[in-house]
Amino acid sequence: MGANCVRRALVPAVVVTFLVLAVQLTVLSSLRIGGVVVMLVWLWPFAVGLTGYTSLALVTALVSGVFFDTHTTTPFGLTALVALVLAYAASRLGREGVGDLDSAAWWVTPVLAAVAGFFAPLLYVAAGTFALNFNLWRGSVLSMMIVNAVAFFLLARPMTRLARVVSNVGERVHR
Amino acid sequence: MATDRSKRRAWTLGVVAVAILTVLALTGGVLSGLRSVANLAVTPFNWTVNEVARPLGHLFAGAINYSDVVSQNQKLRYELGQAELKSNENWPLERQLQQISTSLNVPYVGSLPTVAVQVTTLSPTNFAATVQISKGRDSGILVGMPVVANGGLVGSIVATTPHGATVRLITDVNSSVGVTFGDGKTSLVVSGRGVNNGMSATSVPLATPIAPGTSLATNGLNGGLYPPGLPVAKVAQVALTPGAATYNLTLRPSADLRQLQYLDVVLWEPTA
C-alpha cells in the first residue's frame, strides 16, 4: 500500500475509529460482562494491524487510545500505549500474512486476538507501574484478561473484516 | 526499499506518539484542554450511537426484564415508605444532633447544602471506578467535594467542567477514606479495591474492637477530605492471619454503587 493509499484510507479509518470509540463509551461501558468492560478500542487497532498496514494501524491506535484516555481518570496515555503496542505487533503479523482472513485457517485470527485480549490488561497494569501508579493491579486483572480474551476471540473476525474494508478504500480510490 | 521506508515511517510515528503523550502527561493544563476538545469531537459520534443503541437496548431489556422491573418498583415503594417513616421518627434526634454539632463547631452533614445531580456516564474503563455527573462548576461544584447517595458516601469530585464533573467512587483503587466507628476513638483508613471489589482496610490493630456488621463513618479529622458522620461501609469480613499482630477487613460500601442514577454533591470543601 503506497503512501497515497494510506492517506486516502486515513479518513475512513479515523471515522470508524470514532464510531468504535462511541460504541465503547456509550454501549460497552454500561454493558459489563462479569463486571468487566470489553475494550473494543484495543481490538480495533489490532484488527487494522492484522491487515498489514502498519501506519494505518498506529494512527487508529493513537486516535482511539488518546481519545479514550481523555474520558478516564487513569494515567493519561496508558490506553494509547497499549493500543500502539497491539497495533504494531498485529501489523508485523499481518505483513507476514499471519491472521489473513482468506488464506489462514478460520481460527487463527480469533486466537491471535484472544491472546492480545488476554495480555492487554496485564500490559496496561505493567505500563501503569512505570507511570508510578501502583494501584492498578488491585482491580480484577485476571477477570479482565479472561473476559477480554473471550470477547476478542468472538469479535476478531468481524472487526478484521471491517478493518479490511476500511484499508481497501485507499487502494480502490487509487485504482 | 519500500519496506525500509514504511518501517522508518512506523517508527517515526511511534516515537512522535510517545513524545506527544509524554508532553501532554507532564503538562496538566494542556491535558485539561485536550479533554475538552476530545469530548467535543466524540460527542456527535456518542450521540449518534446512543440514539441508535438506546431504543434497541430498551426494547430488549423491557422484553426480558419487565417482571423484574415491576417487582423492583414495588420493593422500592415499600422501602421509600419505610424510609419516610424512619425519617419522621428521627427528626427530633436529628435536630438535637444538629444543635450540638453547631454548638461544638463541628460540621454536620445534614445541615450542609447539597446539589442534586444525575449520573450521565459510567466509567468506560476497568481500571477506574468513576462516574460523570450532569452539573459542574457553574452549579458550585468544586474538586474535593463529597458525593452521597443511596444511604452513604459514594465518592468525591476529582475533575470539573462548567457543565459536568467526574466523581471518583470510594471503590476506586486510588480512593482512601478516613473512617471511625463505635465511640469514635479509633480511626482507620479504608481503600477501594476496584470497580466490583468493594473496599478493604489493612493492618488493623488486634486491640480494635470490630466485628462483621460494624458500620464505619467518615471521621472528619482536621485536614480530612470529608465531613464527619457520612456512612461509608459495613464490615463484611474480618481476616486474621495466624501469628500476625494485625488483621484485615473486607468492607461492603453502605451506598449501593451498582444503582447510581441520582447523587447529591455536598457543597463542603475539605479543610486545609
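The values are calculated or read from the model by the stated rules, or taken from the named source; none is laboratory data. Quantities reported herein were computed from a predicted structural model and do not represent experimental measurements. FYI the Cβ positions are ideal-geometry reconstructions off the backbone, even for glycines, and counts take in every protein chain you see.
Brief remarks on what is shown
- Extreme residue, farthest from residue B:148 (Cα to Cα), among residues of the stretch B:183-196 that are in contact with a strand residue (DSSP E or B) (Cβ under 9 Å, 6 or more places away or on another chain) and surrounded by fewer than 17 Cβ atoms within 10 Å (Cβ to Cβ): B:186
- Cβ-Cβ under 7 Å pairs, at least 6 apart or on other chains, the stretch A:44-63 side within 13 Å of chain B (Cβ to nearest Cβ), far side surrounded by fewer than 24 Cβ atoms within 10 Å (Cβ to Cβ) and charged (D, E, K, R): A:52/A:95; A:55/B:9
- Any chance residue B:159 is modelled with pLDDT of 85 or more and within 30 Å of residue A:31 (Cβ to Cβ): yes
- Restricting the stretch A:102-121 to residues that are more than 9 Å from every other protein chain (Cβ to nearest Cβ) and in contact with a helix residue (DSSP H, G or I) (Cβ under 6 Å, 6 or more places away or on another chain), the residue that is farthest from residue A:37 (Cα to Cα): A:109
- Any hit, the stretch B:216-237, residues being in a loop (DSSP other than H, G, I, E, B), assigned by TED's automatic domain parsing to the domain that holds residue B:122 and more than 19 Å from residue B:145 (Cβ to Cβ): no
- Residue A:119 being assigned to a helix (DSSP H, G or I) and either among the basic types (Lys, Arg) or surrounded by fewer than 20 Cβ atoms within 10 Å (Cβ to Cβ) (or both): yes
- Single condition residue B:180 does not satisfy, out of (1) among the β-branched types (Val, Ile, Thr); (2) over 24 Å from residue A:140 (Cα atoms); (3) under 11 Å from the mean Cα position of the chain (by Cα): (3)
- Count of residues meeting criterion [touching a strand residue (DSSP E or B) at 6+ places or on another chain (Cβ under 9 Å) and either among the polar types (S, T, N, Q) or not in a loop (DSSP other than H, G, I, E, B) (or both)] in the stretch B:139-165: 17
- Residue within the stretch A:125-146 that is closer than 18 Å to residue A:45 by Cα and either within 7 Å of another protein chain (Cβ to nearest Cβ) or crowded, with 24+ Cβ neighbours inside 10 Å (or both) present: no
- Restricting the stretch A:21-37 to residues that are more than 15 Å from the chain's Cα centre (by Cα) and not hydrophobic (A, V, I, L, M, F, W, C) leaves a set whose member that is surrounded by the fewest Cβ atoms within 10 Å (Cβ to Cβ) is A:34.
- Filtered residue count, the stretch B:151-173, keeping only those that are more than 14 Å from chain A (Cβ to nearest Cβ) and crowded, with 17+ Cβ neighbours inside 10 Å: 3
- Out of B:201, B:245, sole residue that is among the aliphatic types (A, V, I, L, M) and more than 28 Å from residue B:145 (Cα to Cα): B:245
- Some residue of the stretch B:179-193 being in contact with a Lys or Arg (Cβ under 7 Å, 6 or more places away or on another chain) and more than 10 Å from every other protein chain (Cβ to nearest Cβ): no
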